[in-house]
Structures are given as C-alpha cells and as structure tokens.
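Chemist: A single structure is presented below for examination.
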Amino acid sequence: MTHAAPMADADGVFGDWQPSAEKPRCDCPAPQLHERVWDSRCGGWTDYQYRCMVCHHSFWIEGIDS
C-alpha cells in the first residue's frame, strides 16, 4: 500500500541519521550513505529517507505500512 497523496515531512517524526547498508543511488566516488526513519504522527506510515552525506543526494523507500 502506498500513500494516497504525498505527505509533508511535518506530518511525522524523524529518527536520527544512522549509517546505512542500502546501495547508494548517486555517482559519488566514495559515497557515505546514511538513513533515518520517518514515522507518521497518525501511526499508519513508516518510511525511510536515505542521504549521501558527501553529495547530499537523497531518496526515500516506503516501509511496510500499518
């Protein structure tokens, strides 16, 4: 199940950035990928934001939703 419409970052709470084992999606010669969890305030959504701390490219992966 995916979001019916985009949700604002403010509609949830972010966790802290942590190093990630996910494959980077940028062209950095030495990417340093970190991830953080975003949980919606309503409790129905958990998604994951990824960011290369070198070039600042970011992407999201939707989690399994409640």
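Chemist: Quick one: count up the residues across region 38-59 that are of a type in the set (A, V, I, L, M, F, W, C) and crowded, with 16+ Cβ neighbours inside 10 Å.
Modeler: The qualifying residues number 3.
Chemist: Take the residues in region 19-51 that are among the polar types (S, T, N, Q) and modelled with pLDDT of 95 or more, then tell me which one is farthest from M7 (Cα to Cα).
Modeler: Per the criteria, the residue is Q32.
Chemist: Let me spell it out: the conditions are (1) modelled with pLDDT of 95 or more; (2) touching a Leu at 6+ places or on another chain (Cβ under 6 Å), and V54 meets all of them except one. Which number is the exception?
Modeler: (2)
Chemist: Sort out for me the strands (runs of 3 or more DSSP E) sitting completely within region 25-66 that have 1 or more residues that are among the aliphatic types (A, V, I, L, M) and in contact with a strand residue (DSSP E or B) (Cβ under 7 Å, 6 or more places away or on another chain).
Modeler: Filter on region 25-66 gives 33-40, 58-62.
The values are calculated or read from the model by the stated rules, or taken from the named source; none is laboratory data. Keep in mind the model is a prediction, meaning the values are calculated, not measured. Ideal geometry is used to build each Cβ from the backbone, glycine not excepted, and the neighbour counts take in all protein chains shown.
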